[in-house]
Structure formats: C-alpha cells, structure tokens
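Comments concern the structure below.
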Amino acid sequence: MNNIDLNGRFAVITGGAQGVGYAVAQRIIASGGRVALWDIDPGVTAAAETLSAGTIGIVLDLTDEHAVAAAAEETERLFGRIDILVNSAGIAGSSLPVVTYSAKEWRRVIDVDLTAVFLCCRAVVAGMTSRNYGRIVNVSSVAGKEGNPNAAPYSAAKAGVIALTKSLGKELAASNIAVNCITPSPIKTRMLEQVSPEHIKYMLSRVPRGRFAELQEAASMIAWLVSEENSFTTASTFDLSGGRATY
C-alpha cells in the first residue's frame, strides 16, 4: 500500500457506515487523517467506534438540507474545519424498466444519489473557500457514463453527479480546491442486495476484467484524489470500471 500523506487533515465521508465509505475511512485514518462519518444508518456510530477513538459518527438524512447543514456545523465545531469531503452514500433503487417505474421511486433515487451530493458539497464549500483548501470526491458510477437498462433513475443520478462534479470543479478552479469523481463498476457492498441477480449478472458481463472491483481499489484511488498531492487535476472523472467504460 502506497503512503498517502493526510496528516492533519479532517474528512467527512457520507455513507460511511459500510462499503466504499467505510473502506475510504480506513485508508484516510491509516494515512494520518481524522474522519467524520455521515449516514442515515444508525450503525454509523458503532462503525465510527471500530475505526479509531477520534472518529465521529453522525446519523442524519442526507436529503434533508437542514440536517446536512447542522452536521457540517457540528463537524466543524468538533474538528475545527473540514478539508475533505467524500460523497459515497447511495442507493440502487428497483430493477425495473422505465415504463413501470413509479415517480415516487424515481424521486427517492434521485434525491439520495444526486441531491444529497449537492447538499453536502454546498455545506462544506464555503469553509473550504475561506481557507483556500479543499478536496472533494464524489462517487458516481460507470452507469452514469453508459446507462444500465432497468436502472434509469440510478444511471441518471450518477450522470448528474458527473456533471455536478465538473460544474463545481470549474467554479472552484481558481482556488486550491479540487473536485473530482470516480466511476466504478460493481463493488461487493450491501447495495447489491437491492438489485436483482439478473441485473448483477448483466453488469458483471460488461466488465472486461470479469470481476467485481475491490473496496480497497476504490479507497486507494480516492485517497490520492483527496491528498494535497492532487494539486492540479479538478472537474475530472476517474474510471474504475475494469475496462468497461468507452470514454
């Protein structure tokens, strides 16, 4: 494992109770950083305790702008500042064709997978700007590039995350703030429990590597992107799809 210097850095990771978020938290802590986990899962407090004594776990609805603002305020009060934001919270939604997808379910997926990313970015950007330092990584998906059948809201939300990343990265490009996203193919997390076996089989069949991405592979890529070493690249998309992505 390469050494990434995150000494003295304070990070917020959404969806940190498990999966990619938890793996990223482990890597940031191993690199010398401090972490606050934001998650709707009540288990986030226990997850924080398993990581290190200085890790914070905050239970909140990431689609609630007031709850997100309050979590940012509490985290800054405890840490003093937020240097890093990793938006990894997300849901898959139902595996259904557009013609049978309910508007209610569509809105739920868009809210969690896209609107929450916007709210969390908005909550931390002012502080980062005032200090002229920040690193943001949004976890999108290869589905946001290519679209998956029977997963229209998820694909649309993840495409929106890519566009949001590019827009925000350009807005902040004159400052020492980098905003990037990653586009992984399927990773073995609890989110796969939300989709049908047929859909999982389809997604894996599209990956030339022929396997799931590993949690540590995602964490390694993100660890560098949130480091000071990433001093130039912003508003960019980093592929983690095992060769699936065609652009």
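The values are calculated or read from the model by the stated rules, or taken from the named source; none is laboratory data. Note that the structure is predicted; figures quoted are calculated from it, not measured. Because the Cβ atoms are built from the backbone with ideal geometry, glycine has one as well, and the counts that use them run over all protein chains shown.
Rundown of residues vs (1) among the β-branched types (Val, Ile, Thr); (2) farther than 24 Å from residue 126 by Cα, yes/no style:
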position	(1), (2)
2	no, yes
21	no, no
32	no, yes
56	yes, no
59	yes, no
70	no, no
73	no, no
77	no, no
89	no, no
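Taking segment 28-37 as the range and being buried (at least 24 other Cβ atoms within 10 Å of the Cβ), over 14 Å from residue 59 (Cβ atoms) and out of contact with any Lys or Arg (no Cβ under 8 Å at 6 or more places or on another chain) as the test, only 35 passes.
Filtered by the rule that a residue be surrounded by 19 or more Cβ atoms within 10 Å (Cβ to Cβ) and in contact with a Ser or Thr (Cβ under 9 Å, 6 or more places away or on another chain), segment 203-225 gives 203, 212, 213, 215, 218, 222, 223, 225.
Does residue 130 fit the bill of being of a type in the set (S, T, N, Q) and outside any helix (DSSP H, G or I)?
no
Checked across segment 137-144, the condition of being crowded, with 16+ Cβ neighbours inside 10 Å, among the small types (Gly, Ala, Ser) and more than 24 Å from residue 227 (Cα to Cα) holds for at least one residue.
For the list (1) farther than 22 Å from residue 114 by Cα; (2) at pLDDT below 95; (3) part of a loop (DSSP other than H, G, I, E, B), I need the number of the one condition that residue 247 fails. Answer for residue 247: the failing condition is (1).
Tallying residues that are assigned to a loop (DSSP other than H, G, I, E, B), closer than 19 Å to residue 116 by Cβ and either free of Cβ contacts under 8 Å to residues at least 40 places away in the same chain or among the small types (Gly, Ala, Ser) (or both) within segment 136-189 yields 2. Among residues of segment 92-107 being crowded, with 17+ Cβ neighbours inside 10 Å and either within 17 Å of the chain's Cα centre (by Cα) or of a type in the set (D, E, K, R) (or both), the one that is farthest from residue 131 (Cα to Cα) is 93. Just to be sure before I move on: is residue 125 at pLDDT 95 or above, more than 12 Å from residue 158 (Cα to Cα) and crowded, with 24+ Cβ neighbours inside 10 Å in the structure I sent? No, not satisfied.
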